Amino acid sequence: MFIHCRNSDCINYLEDSCMINLNGDVVHFNEYGNCEDFAQGTNDAYELMEEAALEEANREAGDNND
């Protein structure tokens, strides 16, 4: 079962999912239903996806200049 997450301010958040759960680890919630594994930040995967998209755009631009 995957945990749907809407807290994009958490380093574990990636595309509406919790990476803790996706990696097979247990996500901890308190008695109020709040995630106890919250960590302020942005997931590194977003930077990697941005770099890959930029590389692809540069590659396509280079192909169009030939």
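Bear in mind these aren't lab numbers, they're just calculated from the coordinates by the rules spelled out. Everything quoted here is computed from the prediction, not taken from an experiment. Please note: Cβ atoms are built from the backbone with ideal geometry, for glycine as well, and neighbour counts cover all protein chains shown.
Going toward the positive end of the dipole of the chain, with +1 on Lys and Arg Cβ and -1 on Asp and Glu Cβ, which of ASN34, GLY24, TYR13 do you reach last?
ASN34
In nm, what is the difference between 0.36 nm times the number of residues separating ASN58 and VAL27 and their Cα-Cα distance?
On the way: separation 31, 0.36 × 31 = 11.16 nm, distance 3.87 nm.
Result: 7.3 nm gained on full extension.
Give, rounded to the nearest 20 debye, the magnitude of the charge dipole that the stretch 13-64 has about its Cα centre when Lys and Arg contribute +1 at Cβ and Asp and Glu contribute -1 at Cβ.
Working: 1 positive and 14 negative charges, 22 e Å.
Rounded to the nearest 20 debye, it is 100 debye.
Can you give the local net charge around VAL26? Use residues other than it whose beta-carbon is closer than 15 angstrom to its beta-carbon, Lys and Arg +1, Asp and Glu -1. Kindly include the intermediate steps, with their values, before the conclusion.
Numbers: positive: none; negative: ASP25, GLU36, ASP37.
Local charge sum for VAL26: -3.
Normalised by the number of residues in the chain, what is the relative contact order in percent for Cα pairs under 8 Å and 6+ residues apart? Don't jump to the answer; show the numbers that get you there.
Numbers: 64 pairs, mean separation 18.3, N = 66.
Result for the chain is 28 percent.
What does the highest-first list of 9-18, 51-60, 37-46 look like by mean Cβ count within 10 Å? All intermediate terms of the calculation are to be shown ahead of the outcome.
Numbers: 9-18: 16.7, 51-60: 10.0, 37-46: 12.9.
Ranking, from highest mean packing down: 9-18, 37-46, 51-60.
Of all alpha-carbon pairs in the chain, indicate the percentage at a distance above 13 angstrom.
Beyond 13 Å sits 69 percent of the P(r) for the chain.
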